[in-house]
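The values are calculated or read from the model by the stated rules, or taken from the named source; none is laboratory data. Remember, it's a predicted structure, so these values are computed and weren't measured experimentally. All Cβ positions, glycine included, derive from the backbone under ideal geometry; neighbour counts span all protein chains shown.
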Amino acid sequence: MFSLPKKVTIIEVGPRDGLQNEKNQVETDVKLEFIHLLKKSGVTEMELTSFVSPKWVPQMKDAKEIMEHADLVERSIVLAPNAKGVALAQEAGAKSIAVFVGVSNTFNQKNINRTTDESIEALAPIILKLKEDDVYVRACISTAFYCPYEGKIGIDDCIELCRRFVALGVDELSVADTIGMANPVESYELFTRLRQSFPSVLLTAHFHDTRKMALANIFASLQAGVDRFDTAAGGLGGCPFADGATGNVATEDVVNMLDSLAISTGIDVKQLCEAVEKIAPHVSRPIETGMYRLFENGRI
Ligand code: HMG
Ligand code: MG
């Protein structure tokens, strides 16, 4: 029979991955209220914002204000691509920082203007220093399955990149299907290898739902021993530098699936939908997730 955990941790990435691709600037107060409502629904780990170049990602230009005023959760994570981002994040009080690198060189160059090797070389001393400062470090591994420019990525290439981060002492690997192309067998295979290779770090799966396979991929990853998932309320999201990337798997649909399997997340779907209702008028695309539709129709 299926091997399922009793408890899963959801890392809500809506305020960061969810909004970074939005062309219209969402007001800081709206983002803060969204974060507050997400926390109220039971979220304990969340990516709040990114300290990235405002020229590259204008939507995240209020990162400092977000960190100063957000209703923080137990693990409030911010992204930072380089020394400048990390310095700004620490000045703003961040205690959990996510760095990000793509397995695919081409994607990495489009995303952070460096090759994968250049990025990791630049990040190595930064990560060592963060660990000295007792900061929680999450390494986000993009294009772990497929790259929009290079195609299929080899499992060994992904494992090797993760190994370099683990050797630097990161606390968590968040491994991503950036453009939502992985299938459940590929998800099971990669996460089984990752779980076996890196038993001492937290392992998180990050699925975008471009081809509507994310729930199936999550179910397959549960079988591989993964019990942490990045998800975005309302299914928002996508990386501006990954052609064809659409939203993350929707938190409300993942929590509903896990509820129905008697796997606890500590998150209340109805309250989560109230957070989605807050952000919905401020994003450019309609929110069409299964549970939000039921909520809108008064069915939950
Ligand atoms: P660059 O142009 O090579 O940077 O960009 P630079 O070092 O030459 O600096 C250029 C200018 O940016 C300078 O300002 C710097 O001070 C400034 P100027 O002198 O021209 O006025 N700058 C910064 N400002 C604020 N914060 C910073 C920062 N760094 C430099 N941290 C850079 C390189 C990395 C900065 C740029 O490419 C960048 O910001 N990229 C971010 C891209 C991004 O946010 N992508 C989305 C997140 S990753 C993702 O979504 C994937 C994930 O969800 C997993 C998955 O699904 O795959 C995690
Ligand atoms: Mg993403």
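Do we find that residue 114 is modelled with pLDDT of 95 or more and in a loop (DSSP other than H, G, I, E, B) in this structure? Don't jump to the end; show me each part of the working.
Details: modelled with pLDDT of 95 or more: yes; in a loop (DSSP other than H, G, I, E, B): yes.
Considered against the rule, which asks whether it is modelled with pLDDT of 95 or more and in a loop (DSSP other than H, G, I, E, B), residue 114 comes out as yes.
Considering every residue within segment 111-133, establish whether at least one is within 16 Å of ligand 2 (Cβ to nearest atom), in contact (Cβ under 8 Å) with a residue 12 or more places away in the chain and closer than 16 Å to residue 239 by Cβ. Scanning segment 111-133, I find at least one residue that is within 16 Å of ligand 2 (Cβ to nearest atom), in contact (Cβ under 8 Å) with a residue 12 or more places away in the chain and closer than 16 Å to residue 239 by Cβ, so the answer is yes.
Selection of segment 180-189 for residues being of a type in the set (A, V, I, L, M, F, W, C) and either within 17 Å of residue 3 (Cβ to Cβ) or buried (at least 24 other Cβ atoms within 10 Å of the Cβ) (or both) yields 182, 185.
The set of residues in segment 236-262 that are modelled with pLDDT of 90 or more, among the β-branched types (Val, Ile, Thr) and either away from ligand 1 (no atom under 15 Å from the Cβ) or not in a helix (DSSP H, G or I) (or both) comprises 249, 254, 255.
Could you check how many residues of segment 234-266 are within 15 Å of residue 295 (Cβ to Cβ), within 14 Å of ligand 2 (Cβ to nearest atom) and either of a type in the set (Gly, Ala, Ser) or more than 12 Å from the chain's Cα centre (by Cα) (or both)? Within segment 234-266, residues that are within 15 Å of residue 295 (Cβ to Cβ), within 14 Å of ligand 2 (Cβ to nearest atom) and either of a type in the set (Gly, Ala, Ser) or more than 12 Å from the chain's Cα centre (by Cα) (or both) number 2. Of the residues making up segment 1-40, those that are more than 26 Å from residue 113 (Cα to Cα), among the polar types (S, T, N, Q) and more than 18 Å from the chain's Cα centre (by Cα) number 2. When segment 13-27 is filtered for residues that are more than 18 Å from residue 269 (Cβ to Cβ), buried (at least 18 other Cβ atoms within 10 Å of the Cβ) and not aliphatic (A, V, I, L, M), the ones remaining, listed by number, are 15, 16, 17, 20, 21, 22.
Kindly establish whether residue 167 is under 20 Å from residue 197 (Cα atoms), within 10 Å of ligand 1 (Cβ to nearest atom) and at pLDDT 95 or above. Taking the combined requirement at face value, the residue does not satisfy it. Examine segment 29-45 for a residue that is more than 24 Å from residue 215 (Cα to Cα), assigned to a helix (DSSP H, G or I) and without any contact (Cβ under 8 Å) to a residue 24 or more places away in the chain, and state whether such a residue exists. Checked against the condition, which is being more than 24 Å from residue 215 (Cα to Cα), assigned to a helix (DSSP H, G or I) and without any contact (Cβ under 8 Å) to a residue 24 or more places away in the chain, segment 29-45 yields at least one hit.
Condition first: farther than 22 Å from residue 30 by Cβ and within 16 Å of ligand 2 (Cβ to nearest atom). Now tell me which residues in segment 57-83 satisfy that. Before you say what the answer is, go through the steps one by one.
If we filter segment 57-83 for residues that are farther than 22 Å from residue 30 by Cβ, which is where we start, we get 74-75, 80-83.
Answer for segment 57-83, where residues must be farther than 22 Å from residue 30 by Cβ and within 16 Å of ligand 2 (Cβ to nearest atom): 80, 81.
Residue-by-condition table, conditions (1) more than 15 Å from ligand 2 (Cβ to nearest atom); (2) closer than 21 Å to residue 13 by Cα; (3) in a strand (DSSP E or B):
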{"residue": "137", "(1), (2), (3)": "yes, yes, yes"}
{"residue": "141", "(1), (2), (3)": "no, yes, yes"}
{"residue": "160", "(1), (2), (3)": "yes, no, no"}
{"residue": "175", "(1), (2), (3)": "no, yes, yes"}
{"residue": "180", "(1), (2), (3)": "no, yes, no"}
{"residue": "193", "(1), (2), (3)": "yes, no, no"}
{"residue": "206", "(1), (2), (3)": "no, yes, yes"}
{"residue": "218", "(1), (2), (3)": "no, yes, no"}
{"residue": "222", "(1), (2), (3)": "yes, yes, no"}
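On inspection, residue 143 fails the criterion of being within 11 Å of ligand 1 (Cβ to nearest atom), within 19 Å of residue 7 (Cα to Cα), of a type in the set (Val, Ile, Thr) and in contact (Cβ under 8 Å) with a residue 60 or more places away in the chain.
Identify, please: which residue in segment 74-92 is in contact with an Asp or Glu (Cβ under 8 Å, 6 or more places away or on another chain) and aliphatic (A, V, I, L, M) and is, among those, nearest to ligand 1 (Cβ to nearest atom)? Checked segment 74-92; the qualifying residue nearest to ligand 1 (Cβ to nearest atom) is 79.
Restricting segment 66-86 to residues that are small (Gly, Ala, Ser) and part of a helix (DSSP H, G or I), which is surrounded by the fewest Cβ atoms within 10 Å (Cβ to Cβ)? Walk me through how you get there before you give the answer.
Of the residues in segment 66-86, the ones small (Gly, Ala, Ser) are 70, 76, 80, 83, 85.
Okay, now just the ones that are also part of a helix (DSSP H, G or I), so 83, 85.
On the way: 83: 13, 85: 22.
My answer is 83.
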